[in-house]
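This report concerns only the one structure given below.
The values are calculated or read from the model by the stated rules, or taken from the named source; none is laboratory data. Every value quoted in this text rests on a predicted model; they were computed, and no experiment measured them. When we count neighbours, we look across all protein chains shown, and the Cβ atoms used for this are built from the backbone with ideal geometry, even at glycine. Heads up: the accessible areas ignore ligands, DNA and RNA and are worked out on the full protein's heavy atoms, side chains in. Shrake-Rupley method; radii C 1.70, N 1.55, O 1.52, S 1.80 Å.
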Amino acid sequence: MLLIPCPWCGPRSEPEFQFGGEPATRPVPAAEVSDAAWGAYLYVRSNEKGPHRELWCHAGGCGQWFLMERDTVTHAVLRTHKPGAAA
Amino acid sequence: MRRLPDGSRIARAAPVAFTWEGRPMQGLAGDTLASALLANGVRVVGRSFKYHRPRGIFGAWAEEPNAILDLSWQDRAGIARHDPNARATMVELLPGMAARGVNGWPSVERDVYGLIDLAHRFLPAGFYYKTFMAPDWHRYEPGIRRMAGLGRLHDSADPLRYETRHAHCDVLVVGGGPAGIAAARAAAASGLRVMLVDDRAAWGGSLLWQGGTIDDRPATEWVADSIAGLAEATLLPRTTVFGWYDHNALGLLERRTAAAAGWAEDRLWHVRARQVVLATGAIERPLVFPDNDRPGVMSAAAVLQYLREYAVLAGERVLVATNNDTAYDTVLALCAAGAAVTVADARTDPGPAARRAAEAGARIRAGSVVAGVGGRRGIRWAEVAPLASLSTRERLPADLVAVSGGWSPAVHLFSQSGGKLRWDEAEAAFLPATPRPGQHLAGALAGAASLAACLAGGHRAGLAAARALDRHVDLAPPRAPDTPAPAPIQALWHLPLRGTRQWIDFQNDVTVKDVALAAAENYASVEHLKRYTTLGMATDQGKTSNVNGLAALAAFTGREIPQVGTTTFRPPFVPVSLGAMAGLRHSALHTPIRHLPAHAEHLADGAEMREYGVWLRPACYPRAGETVAQAIQREAAAVRTQAGLFDGSSLGKIEVHGPDAAAFLNLIYYNEVATLKPGRIRYCLLLRETGTVLDDGVVARIAPDRYLLSPSSSHTGAVLAMLELWHQTEYPSLRVAFHDVTAAWATLAVSGPRSRDILRRLHTGIDLSDAALAHMSLAHGTIEDLPGRIARVSFTGERSYEISVPAGYGAALWQHLLTLGRDDGITPYGIESLSVLRAEKGYILIGTDSDGMTLPDDLGMSGPLRAKKVDFVGKRSLLTPDATRPDRRQFVGLLPADPGFVPAVGTHAVVQEGGARRSIGWITTSAHSPALGRSIALGMIERGRALADAGAEVELFHLGQASRAVVTAPCFHDPAGEKLHG
Amino acid sequence: MRYSFLQLLKQGLSGQTGWPPAWRSPEPKRSYDAVIVGGGGHGLAAAYYLARVHGMRRVAVLERGWLGGGNTGRNTTIVRSNYFFPESARIYDFALRLYEGLSKELNFNIMLSQRGVLNLAHSEHDMELMARSVNAMLVNGIAVELLDAKQVRAEVPLLNFGPGARYPIHGGFVQRRGGIARHDAVAWGYARGADSLGVDIIQNCEVTGFRIEGGRVQGIETSRGAIAAGAVGLSVAGHSGVLAGLAGFRLPIQSYALQAMVSEPLKPMLNTVVMSPATGMYVSQSDKGELVFGGGLDLYPSYAQRGNLPVEQTVVAGLLEMFPAFRRLKLLRQWAGIVDVCWDYSPIIGPAPVDGMYLNCGWGTGGFKAIPAGGWLMAHLLATGRHHDISAPFDLSRFTTGRLIDEAAGAAIAH
């Protein structure tokens, strides 16, 4: 059961959070995006074994989304930061 | 076996009556079920899983492989209790307990299935993989299933409530023996929040039966003083830490003998600890020798425990077989209790401990092992042989063989935490290599062999835990007298005696031969061994068998033990009751259900309540003598001809504020919402980025910078989460905020040709004229002096008004509107009636008519894709080859050929292709339409719009029954929408 | 040596010491015509069918740990083919048909127990969705029966029909051919069969890289040396993304932990497999007597083969809501496997973006039931370089065209 440092609220327990997937950069405008590029954006992920960037929401707390780097093997939380803050 | 007249802490003045196999027996308060059975001379308590060999109690605690019993009793609240697989060594004896064996017929003492053992040579490990194939496994399976399993489930309801607790602490100390107590003392002295946990009822761990001197006092006094000094700490006796999860979260199972009436003893704890001290001790290993599974072969440490704690002498003529010094404590205690003791010590030079034992009267056979035992339901003799010459045997009369094959540190939690093990050749044991961060190891787990070492290690661990949290402690460590170093252990695995059966896993009947077979067949990985032979997979999870099994595998594969490795230690350390795992999450609390503000009024009006999403809502309001189907027809007809009242309070209400609200929502919604005029409402779809329809609902613009969204009842949470996600991550610069006000408002809909007449009787400042409040518009104002709003939207196809007032007034408004509308025939209608009305109009219900693959064009809404310039959510996905293929399923109406036949929802439309049926879609909604006086249906049909244009007929298929229907446009009633406006 | 009752008797008279190894442990050769990475059920089955159906003999299976040690040995052993879309029905029923003859074909008892798989419906809406699914299956040629509440109660009287049931049972549907099989035996049976046909099964051999020249795979770098390969198949559930990374491409896959657990063994009390979509729970009773059960995925990607406590408790709560009498039973062991999850929960079978390399992955939580089909179709790809008809819809290209096969979306079937 992870202990997640919410950038706004501090460390809180996993059941308060919602996992939001690996962030992907949205290609626009739609008219210029190929099927392959769009499909990759929608479905293809790095799925890193090791440090992994992901979006989380403190749904049972402040309701804010944030970025978290987490090791998918050890589950260690390496860091969290607000979206837009230096990565 | 008998209870000694004196000695031990057992409460002799408090007899406890219980039964074993129906026979009345007496134990003492403080007994475990196992100690009480031994005190009553019970030898055979179970049968082994496979060969049905008679089995007796081996251990004294969690490691016990054999004494798994069926246990019934009444608790203090008078509730009948039952445990089909109770481990007798961990059960605190209560009055009236009725224990029975589980795996024998007619009893475990006289079990006819014991005959299976005669065929053992044909039933090696994994024999079932090699036979039972012809003619068919199904022929054999029922019989094999009947043979397997331990206890029998009682099919009665369990009325108990189970509880879960959550706790945080600075330092969690696992294990209340000398090391754990020393660690807790040290950590607590720093002022940190300490939790001390031990799975026994009394504190002290091995001190309870080993005794000793600490700080120049009897150890028990030191324990009592130390525990008293931990007044600020949380003390959890009778509590097993069963699992180590991520980030120092530990799972605890507390057995509360003082649980309140109606509450289960088992309570689950989630503990998040900043630092953890593990002082989990060690488990004694059996010796492996021929017929070592006989009742009367016991762990030497267990024999000592039964003697010291419960004053139970497990045998009068005892052979103690050992390869290490620890068994000599048992020898001395047995001698002192008057037993005749012979010691077979595998070591040729057993050292000073053996000399002391000899002085106490024991006969010592150095360099010798136990090579066999006799007696089927109890030991009658044992054979001792020199290890160097196993055929030179001497038979001794004996009624107990106490064995010690060395100790395995209880590394389970350490391993679960990710810790790596190292094989210590000198100790012949797997020990923790290095502690994990935030973790400290002490006592026998860390290899401490003496009381002094346990105390010192525990104290150090407590200080280290405090230091890791920046606390420094000035506390003298507890001291025990120095003891001479024990003579080293001599690793002793199985005996090289051909043609014998030597048990490694008692419960699952895995012998040395089975390991040899697995190795010969190249099931040489330790995991293959486990799975092929079932070694370590019984209810004791290999606590006594693990290392002996690894050693045998190493021997048969020509490897060293560390090369063989270990299997993974999985939680839970001891079996955990499922009820405790679930806690209060059952029945109504499993997933709480939401009630409408006017819930009580609906019940009073006779509503048939059903669950929709997480809401309990009226399906319809059957009158006396009316069926649900009749009620639905009546209510729907009333709305078409007069007026109906519907509780729509569960409909989502999300307010969107901010100067960029219009721009943001236009990026989110499929439909254009930026051009919506204040006071106007638009029906909109919301897509996922994959293009599929997530939700539909109306969007109202209240002001230039303010919108009100109405997601469907079960999607409100998902829609709000989506808005927040897109705003926070994709469009953070837009100035907009969201607020879910669903629970703040009650919303009641008055629908039907007379709806406006009824509303005109309402005290409201809102102008209800069609000029001021046209279809798809809304107005704010007061309603019966309450702040509120009225929206003209319709899901019935009739003129409709949705009136919203603060939720607390919802019930009053419901009654008020029924009163105001009485003369106009106002009729409460439920979801099912609404569903008929909306089906007549061809309005979709998300999640019913649509599914997770539906695109907007499938629903006939292609306009926004063509017209809208911005890259709204899901736009690009509507342009893929799959989204634009011509043979997609499309939303259509269906008129069954037989107007009296309502095809079931879920009926498929099929075509015959190449001699086989192929589905081209399915019916999503169907009803008898009161407006049309016939059956109607809606569905998703391949190329459905073209079929409708052609007026084509399709074949329907439902559970093998065929029928036909004509494909039409989805709207059956008032397609021009005149009734909405007129 | 052929396994039989007579052989067992004969060996019994000689102390069970005459059994040969079930498979060899050969040293890897320098080169093979086809190399399959992943010694789980899918990989071993592919090797077996390559040898038996396509006559290829220079075949190797490379396994990082011990064969059958991944999800093949960690699942809840359910087999069924009660799928909604024709594409899914074809592939899973192909697997089930192969399973039905597998013990005899492999001469290894996989203990296929076709005791029926019962899916529950907890509301009228569930019943309607179920009717849609049942009709789809019947049209697809999969025999299933729609049951009302009374019939469900007759099948499984232990289910929660009490007044306090949070999820009352309105009915269900059953596939009688569905059931359970002994998972390890499937891996071992295929391993023994493949080995006897000359396939080299190389355990403790980790793939560290691929040799790719001109866009075509030439060989594999391993912890036991380089191995040249004419064709390479990847069947490494859980680690497909890692292997794809070594080969220089990415997949539409995320790896999640899926927990499973068993209770202490009990006498027979549950004779079918039961699945509840409301709680996501599925349970059966093993021949040994343990309840074997599981539920949804853990909530975030993971390569750690362990589960977390909140999900474990959710699964247990779901089980007990369906079977209140199980409350007094005890959880004996809990573990997790790492599953490949595609967006649409359907597998990826077909050519990889590297020539000569083929994928069999993305089975999500349902890989065990598909092992014979996954192996057969992979063998077809490796031997012919082309899709079998059954595998074509599961090509990687569907994530570009958008033609997903989303069972949950189409039919609300719990995976």
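Among B:Lys130/C:Lys104; B:Lys543/C:Lys267; B:Lys50/B:Lys513; B:Lys653/B:Lys869; B:Lys841/B:Lys868; B:Lys50/C:Lys10, which pairs are too far apart, with a Cα-Cα distance over 18 Å?
Working: B:Lys130/C:Lys104 11 Å; B:Lys543/C:Lys267 23 Å; B:Lys50/B:Lys513 15 Å; B:Lys653/B:Lys869 27 Å; B:Lys841/B:Lys868 27 Å; B:Lys50/C:Lys10 21 Å.
Over 18 Å apart, Cα to Cα: B:Lys543/C:Lys267; B:Lys653/B:Lys869; B:Lys841/B:Lys868; B:Lys50/C:Lys10.
List the relative contact order of the range B:528-646 as a percent without decimals, with contacts defined as Cα pairs under 8 Å and 6+ residues apart. Could you put the intermediate results ahead of the total?
Details: 80 pairs, mean separation 13.0, N = 119.
Once divided by the residue count of the range B:528-646, the mean separation gives 11 percent.
With a ≥ b ≥ c the root eigenvalues of the C-alpha gyration tensor of the range C:1-129, is it rounded (a/c under 1.5), prolate (a/b larger than b/c) or oblate? Provide the component values of the computation, followed by the final result.
Numbers: a/c = 2.41, a/b = 1.49, b/c = 1.61.
Oblate.
Take every DSSP beta bridge whose two residues both sit in the protein assembly as shown, then give the antiparallel share in percent to the nearest 5. Don't skip to the end; give the middle numbers.
Working: 209 of 277 bridges.
DSSP beta bridges in the protein assembly as shown are roughly 75 percent antiparallel.
Toward the positive end of the charge dipole of the range C:281-415, about the Cα centre and with charges on Cβ (Lys, Arg +1; Asp, Glu -1), which of C:Ile371, C:Thr400, C:Gly295 goes farthest?
Selected residue: C:Gly295.
If you find the alpha carbon centre of the range B:728-746 and of the range C:328-370, how far apart are they in angstrom?
38
Once R0 is set to 45 Å, what does the formula 1/(1 + (r/R0)^6) return for the Cβ-Cβ distance between B:Asp705 and B:Arg467, expressed as a FRET efficiency to the nearest 0.05? The partial results should precede the final answer.
Details: r = 57 Å, r/R0 = 1.26.
My answer for the efficiency is 0.20.
Points 7 angstrom from Cα along the Cβ direction at B:Asp136 and B:Arg885: gap in nanometres?
3.9
Mind checking the range B:883-942 for chymotrypsin sites (Phe, Trp or Tyr not before Pro) that DSSP puts in a loop (not H, G, I, E or B) and that have at most 16 other Cβ atoms within 10 Å?
Values: sites: B:Phe891, B:Phe901, B:Trp922; in loops: B:Phe901.
Answer in residue order: B:Phe901.
Among the trypsin sites (Lys or Arg not before Pro) within the range B:464-527, which fall in a DSSP loop and have no more than 13 other Cβ atoms within 10 Å of their own Cβ?
On the way: sites: B:Arg467, B:Arg471, B:Arg479, B:Arg498, B:Arg501, B:Lys513; in loops: B:Arg471, B:Arg479, B:Arg498, B:Arg501.
Those satisfying the criteria are B:Arg498.
Helix C:41-52 sits at what angle to the longest principal axis of chain C, using alpha carbons and giving 0 to 90 degrees rounded to 10?
Long axis of C:41-52 versus the principal axis of chain C: about 50 degrees.
Report the per residue volume, in Å³, of the convex hull enclosing the C-alpha atoms of the range C:44-203. Display every interim value, and only then the final one.
Numbers: hull volume 21.3 nm³, N = 160.
It comes to 133 Å³ per residue, whole-number rounded.
Measure out, as a whole number of angstrom, how far apart the alpha-carbon centroids of the range B:621-670 and the range B:161-232 sit.
Here the answer is 61 Å between Cα centres.
On average, how many beta carbons from a partner chain sit within 10 Å of the beta carbon of a residue in B:873-882? The partial results should precede the final answer.
Values: counts 1, 2, 5, 15, 6, 2, 6, 8, 6, 7.
Whole-number average of other-chain Cβ neighbours for B:873-882 is 6.
Could you compute the FRET efficiency for C:Leu13 and B:Arg393, with r as their C-beta to C-beta distance and R0 at 22 Å, rounded to 0.05?
Working: r = 27 Å, r/R0 = 1.22.
With a Förster radius of 22 Å, E is 0.25.
If you restrict to DSSP beta bridges whose two residues both lie in chain B, what percentage is antiparallel, to the nearest 5? Spell out each step's value before the answer.
On the way: 141 of 188 bridges.
Counting only bridges with both partners in chain B, antiparallel ones make up about 75 percent.
Leaving out ligands and nucleic acids, note down the accessible area per residue over the range B:1-134 with a 1.4 angstrom probe, in whole Å². All intermediate terms of the calculation are to be shown ahead of the outcome.
On the way: 4870 Å² over 134 residues.
Using a 1.4 Å probe on heavy atoms only, each residue of the range B:1-134 averages 36 Å².
Once you list every other residue whose beta carbon is under 15 Å from the beta carbon of B:Glu784, what net charge do they have if Lys and Arg are +1 and Asp and Glu are -1? Before the final figure, lay out the partial values.
Details: positive: B:Arg760, B:Arg761, B:Arg789; negative: B:Asp785.
Here the charged neighbours net out to +2.
Separation of the range B:831-909 and the range C:217-295 by C-alpha centroid, Å?
So the separation of the two Cα centres works out to 36 Å.
Using packing as a proxy for protection, rank B:723-732, B:710-719, A:27-36 so that the peptide with the highest average count of other Cβ atoms within 10 Å comes first. List each step's numbers first, then the result.
Numbers: B:723-732: 17.6, B:710-719: 20.5, A:27-36: 13.7.
By packing density, highest mean first, the sequence is B:710-719, B:723-732, A:27-36.
On average, how many beta carbons from a partner chain sit within 10 Å of the beta carbon of a residue in B:146-157? Let's see the in-between values first.
Values: counts 3, 4, 10, 12, 7, 6, 4, 12, 2, 5, 3, 6.
For peptide B:146-157, the averaged partner shielding equals 6.
For chain B, with only Lys/Arg (+1) and Asp/Glu (-1) charged at the beta-carbon, what is the dipole magnitude about the Cα centre, in debye rounded to 20? Display every interim value, and only then the final one.
Values: 102 positive and 98 negative charges, 284 e Å.
Computed about the Cα centre, the dipole is about 1360 debye.
Tell me what chain B gives for mean residue ellipticity at 222 nm when only DSSP H runs of n ≥ 4 count, each as -39,500 (n - 2.57), the sum divided by the residue total, rounded to 500 deg cm²/dmol. Intermediate values should be presented prior to the final figure.
Working: 25 runs with 215 residues, N = 982.
The helix contribution divided over chain B gives -6000 deg cm²/dmol.
How tilted is helix C:183-196 with respect to the longest principal axis of chain C? Cα atoms for both, answer in degrees (0 to 90, nearest 10).
20
Among B:Ala339, B:Ala464, B:Leu725, pick out the residue whose Cα is farthest towards the positive end of the charge dipole of chain B, where Lys and Arg carry +1 and Asp and Glu carry -1 on C-beta, about the Cα centre.
Ranked along the dipole, the leading option is B:Ala339.
Efficiency by 1/(1 + (r/R0)^6): what FRET value for B:Thr257 and B:Glu655, r their Cβ-Cβ distance, R0 = 51 Å, to the nearest 0.05?
On the way: r = 54 Å, r/R0 = 1.05.
FRET efficiency, B:Thr257 to B:Glu655: 0.40.
Between B:Ala897 and B:Ala663, what is the spin-label point distance in nm, taking each point 7 Å from the Cα along the Cα→C-beta axis?
Once both label points are built, they end up 5.9 nm from each other.
As an exercise, identify the trypsin sites (Lys or Arg not before Pro) in the range C:315-415 lying in DSSP coil whose Cβ has no more than 13 other Cβ atoms within 10 Å. Could you put the intermediate results ahead of the total?
On the way: sites: C:Arg327, C:Arg328, C:Lys330, C:Arg333, C:Lys369, C:Arg386, C:Arg398, C:Arg403; in loops: C:Arg386, C:Arg403.
Passing both the DSSP loop test and the Cβ count: C:Arg386.
Averaged over peptide B:904-910, how many Cβ atoms belonging to another chain are found within 10 Å of each residue's Cβ? Walk me through the numbers before you get to the answer.
On the way: counts 6, 7, 12, 4, 7, 2, 3.
Mean number of neighbouring Cβ atoms from other chains: 6.
Using a 4.7 Å cut-off between beta carbons, which cysteines in the protein assembly as shown end up with no partner cysteine at all?
Cysteines lacking a close Cβ partner in the protein assembly as shown: A:Cys57, A:Cys62, B:Cys169, B:Cys335, B:Cys454, B:Cys620, B:Cys684, B:Cys971, C:Cys205, C:Cys342, C:Cys361.
Using only the Cα atoms of the protein assembly as shown, what do you get for the radius of gyration and for Dmax, in Å?
Rg, Dmax (Cα atoms, Å): 35.1, 114.
Could you work out [θ]222 nm for chain A from helices alone, using -39500 (n - 2.57) per DSSP H run of at least four and dividing by all its residues? Round to the nearest 500 deg cm²/dmol.
For chain A, the value works out to -3000 deg cm²/dmol.
If the cut-off is 19 Å between C-alpha atoms, which aspartates and glutamates fall inside it for A:Lys82, apart from same-chain ones fewer than 8 positions away?
Result set, ordered by chain and number: A:Glu14, A:Glu16, A:Glu22, A:Glu54, A:Glu69, A:Asp71, B:Glu724, B:Glu730.
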